[in-house]
Amino acid sequence: MNSFGRLFRFTTWGESHGPAIGAVVDGCPPGLAIDEGVIQPFLDARRPGQSKFTTQRQEPDQVRILSGVFEGRTTGTPISLMIENVDQRSKDYSEVAVAYRPGHADYAYDAKYGFRDYRGGGRSSARETASRVAAGAVARLVIPEVKILAYVSEIGGDMIDPGKFDEAEIANNPFFCPDAAAAARWEKIVDDARKSGSSVGAVVECYASGVPAGWGAPLYAKLDADLAAAMMGINAVKGVEIGDGFAAARLSGEQNADPMRPNAEGPDGAPEFLANHAGGIAGGISTGQPVTCRVAFKPTSSILTPQATINRSGEATEMFTKGRHDPCVGIRGVPVVEAMMALVLADHKLLHRGQCG
């Protein structure tokens, strides 16, 4: 199960410590202008080693387009993307070969397959998300009418002040944070975790504006269900909320409603909404409002504090994780969340066009 999507679909391949990783994007419409320069900025945003608050693995993450493009335009055939791995340290994982890291997929992977690539987690490593970001850059070409913006809204339980939201600030700090004061606080939170060999969790919020009404389906291809599946498929994600999410369960019916009024300036008689508790999706179909979701990342499981575990023989032991790891994996999750939003929306745009013209 290495593929995602229906009409616009992608398959990722490769392992954390293999020679390369990549993606094959299929179903992309022909004639879209593209080259490596279109994709690279999104990979640069996710790239490791850019600050002391992320893993110090040094990967340039330079993408190569191997197929599906001719004279700078998509041909409609599969687009193959490759990213070489250049800074692996497999020796850091020698102990992982014989024992399971608590919090990681080591035991579950071994229980399923009876065999695993223990170097950095192999296929289950978050290194794979670079492939998704590359595929997401292609997806954005399919939905030029949509603007996607993600940012970190919470680290280690410390939240931004929505009243101080500044979109321009997101690119000014290493946390993708729209609140300068919160970013300053997070420097100490994340650095303290890094210095102590521990880690902290984070919440990433994502908004997609410009999504027209009508994308999605009422039952088995709900837009919000596909978004939830896409976000839950990201490494370390343990929770996804669409719109108000769990907070909606604490509201009354009248509080949770998204009232509408006539809007003479709206396209094709589209209403003016007075609220967006539903996150831009009702009955599995987009309403024309911004599509919103919140994604919860757990603390990085790779920590220096010894944890109780077992080895492959079932014997008790302890382990701490060596190597280079993110003290807060949610930080670099921002471009991945944006990519998965783009991939889902591109797929649903083509599905809608296929059924409704």
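The values are calculated or read from the model by the stated rules, or taken from the named source; none is laboratory data. Bear in mind that the values here come from a model prediction, so they are computed numbers and not experimental data. Cβ sites come from the backbone with ideal geometry, for glycine too, and all protein chains shown count toward neighbours. In case anyone asks, the SASA skips ligands and DNA or RNA and just uses the protein heavy atoms, side chains included. Shrake-Rupley method; radii C 1.70, N 1.55, O 1.52, S 1.80 Å.
Points worth noting:
- Cα gyration tensor, the range 73-200 - rounded (a/c under 1.5), prolate or oblate: oblate
- With all protein chains in place and a 1.4 Å probe, the accessible surface of the chain carries 55 percent carbon and sulfur.
- Calculated [222 nm] ellipticity per residue, helices only, for the chain: -7500 deg cm²/dmol; basis is -39500 (n - 2.57) per DSSP H run with n ≥ 4, divided by all residues, nearest 500.
- With a simple spin-label model that places each label point 7 Å from the Cα along the Cα-to-Cβ direction, the separation between Tyr107 and Asp158 comes to 3.3 nm.
- Part-to-part distance (alpha-carbon centres) for the range 222-291 and the range 184-203, which is given in Å: 32 Å
- Over 22 Å between alpha carbons, listed pairs Lys164/Lys195; Lys222/Lys298; Lys222/Lys349; Lys164/Lys222; Lys195/Lys238: Lys164/Lys195; Lys222/Lys298; Lys164/Lys222; Lys195/Lys238
- With at most 14 other Cβ atoms within 10 Å, longest stretch of the chain clear of loop GluC sites (Glu not before Pro) (DSSP): 146-264
- Solvent-accessible surface of the range 279-357, averaged per residue with a 1.4 angstrom probe and all protein chains in place: 39 square angstrom.
- Derived scalar couplings ³J(HN,Hα) [the range 13-30; Karplus, 6.51 cos²θ - 1.76 cosθ + 1.60; whole Hz; x for Gly, Pro]: 8, x, 10, 4, 10, x, x, 6, 10, x, 8, 10, 9, 10, x, 6, x, x
- Exposed chymotrypsin sites (Phe, Trp or Tyr not before Pro) absent: longest stretch of the chain, with sites in DSSP loops and at most 15 other Cβ within 10 Å deemed exposed: 1-114
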